[in-house]
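What follows is a single structure, written as structure tokens, with notes after it.
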Amino acid sequence: MVREDIFYVDAKTKIVDFLATEFDDFPIKLQNRFLNFFPNIFNYEEESVKYKPSIMFTNNIDAIIKAMPNPSKIELFCDENEHMFASRLKSIVPFCRLDWSVYVNVAPGAITYGIFRNFNSIKEPGFEEIIFNSQTLRDKSDKVFGVYVRPESSFTVKMKSLRGRVININFALDIKTVNDWDDEIHEFVEASFFKLKTTARKLNEVKTLYRNIFKNVLKNINGTICVVVDKDYTRVCSETGDDMFEDGIWLKEPIQLSKLFLSSHAYHEEKLTAMANVFFTMLNLDGITIVDNSGCILAYNVFIEANLKTAGNIIGGARKRAAYTIINSRKRGIVGLYFQSHDGEMFWAPVKK
């Protein structure tokens with residue numbers, strides 16, 4: 001019997017280098033515990049429930065909390081050393097399913113563990129954007145260290161530091177392009193509101209709303225396709241009689257999430273959240289969800305017949321073949337689509353012209 005051991009040596013080297021440069025005096029023993037735990041992050045499971053935990057390693061969790069407008073922090077454990085690291089995370093990670101993040105605060109003679117989050121409107125930036133765009137924390141980055149770790153997909157983990165460095169660690173055995181979710185969703189959101197006319201402030205709010213919805217999609221939905229069409233798409237189709245999205249549920253009155261709070265300075269947070277949840281549910285159903293580029297939700301549970309010729313030489317399931325059938329369709333009025341598969345692959349792609 002011939003035995004061969006294969007290790008992700010390069011990934012380990014890069015992670016060690018990242019911690020060394022972005023977190024001064026990160027304890028070596030804690031580093032080793034973290035490296036042992038690291039491969040579990042994107043496939044963490046307890047009692048048959050899967051989690052996508054986000055973890056902040058810092059030397060000053062209070063300074064990070066202070067940078068958020070409406071934060072909450074719950075300390076759960078305090079140890080003298082790193083020996084209980086894996087056990088502590090096992091106890092804490094389930095809270096991540098409820099939108100909390102784990103923190104591990106490293107101080108001389110003590111390692112404290114807990115959870116934290118920012119309570120904000122669904123139309124406001126989340127704590128990650130707030131923390132990593134905080135000029136106050138950036139100015140203190142020689143004294144306040146923070147390394148944030150979160151799964152980006154089923155094979156990629158992202159690490160970000162308060163000093164501004166970002167790395168993606170890819171565990172896929174085949175060669176995959178590691179798409180940065182933030183970049184992909186930015187392109188999708190821009191396309192989804194390209195023809196929405198409103199003030200700059202309100203436009204920014206509705207775009208943030210979309211980003212927050214799709215962050216929830218990334219964390220909690222196995223796969224989805226959301227197609228963006230031009231705001232005149234249905235009129236064009238009725239004239240030509242050529243609609244590849246005919247097999248689906250089209251809403252009599254399109255849902256305009258933007259109008260729930262764009263019509264005035266006041267808005268109803270509970271109603272806004274409830275309607276965002278309706279959109280989330282549509283995205284979680286089989287088939288395709290269709291929106292237009294003025295911010296309207298038009299249809300869901302839409303099915304198309306995958307065209308193997310236009311889909312091209314695509315390796316993947318029915319969802320991916322459907323996505324590339326649309327991308328290569330060259331259909332007038334279709335702008336592009338957001339794709340997310342059950343194995344974590346995701347991208348935004350414009351339709352070929």
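Read-outs throughout are calculated quantities, based only on the coordinates presented, and are distinct from any laboratory measurement. Treat the numbers as computed from the prediction; the structure is a model and nothing was measured. Glycine gets a Cβ as well: all are built from the backbone with ideal geometry, and neighbour counts include every protein chain shown.
Suppose a student asked you for the relative contact order of the chain, using Cα pairs under 8 Å spaced at least 6 residues apart; what percent would you report?
Details: 589 pairs, mean separation 53.2, N = 353.
The normalised contact order for the chain reaches 15 percent.
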Using the charge dipole of the chain (Lys, Arg: +1 at Cβ; Asp, Glu: -1 at Cβ; taken about the Cα centre), state which of L257, A200, A86 has its Cα farthest towards the positive end. A200
What net charge do the residues around E187 carry, taking every other residue with its C-beta under 14 Å from that of E187, with Lys and Arg at +1 and Asp and Glu at -1? -3
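Below 8 Å, C-alpha to C-alpha, sequence gap of six or more: please give me the relative contact order for the stretch 9-170 in percent.
On the way: 266 pairs, mean separation 44.5, N = 162.
It rounds to 27 percent for the stretch 9-170.
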Nearest 10 degrees, 0 to 90: what angle lies between the long axis of helix 318-327 and the longest principal axis of the chain (Cα atoms)? 60 degrees
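Cut-off is 10 Å between beta-carbons; in what order do E253, E124 appear when sorted fewest neighbours first?
E253, E124
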Taking 0.36 nm per residue of sequence separation and subtracting the Cα-Cα distance, how much length would be gained by fully extending the chain between D99 and S329, in nm to one decimal? 79.0 nm
Determine, for each peptide in 128-139, 108-119, the mean count of other beta carbons within 10 angstrom over its residues, then list the peptides with the highest first. 108-119, 128-139
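Give me the Kirkwood hydrodynamic radius of the chain in Å, from all C-alpha pairs, to one decimal place? Walk me through the numbers on the way to the answer.
Details: mean 1/r = 0.0452 Å⁻¹.
That comes to 22.1 Å for the chain.
Which order do V166, V149, V351 fall in if you start with the one that has the fewest other Cβ atoms within 10 Å?
Least to most surrounded, the residues fall as V166, V351, V149.
Quote the FRET efficiency, to the nearest 0.05, computed for T281 versus E47 with a Förster distance R0 of 22 Å and r equal to the Cβ-Cβ distance. Don't jump to the answer; show the numbers that get you there.
Values: r = 25 Å, r/R0 = 1.13.
According to the calculation, E is roughly 0.30.
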Given K29/K73; K50/K219; K123/K331; K231/K353, which pairs have Cα atoms separated by over 21 Å? K29/K73; K123/K331
May I ask for the angle, rounded to the nearest 10°, between helix 181-192 and the longest principal axis of the chain, with both axes built from Cα atoms and the value confined to 0 to 90°? 30 degrees
Taking the Cα centre of the chain as the origin, how large is its charge dipole in debye, to the nearest 20, when only Lys and Arg (+1) and Asp and Glu (-1) carry charge on their Cβ atoms? 580 debye
Placing +1 on the Cβ of each Lys and Arg and -1 on the Cβ of each Asp and Glu in the chain, which of I41, G146, F26 has its Cα farthest towards the positive end of the resulting dipole? G146
Using the alpha-carbon atoms, what tilt in degrees (0 to 90, nearest 10) does helix 28-37 show relative to the longest principal axis of the chain? 40 degrees
Honestly the stretch 29-86 on the Cα gyration tensor test (a ≥ b ≥ c root eigenvalues; a/c under 1.5 rounded, otherwise a/b vs b/c for prolate or oblate) is just oblate
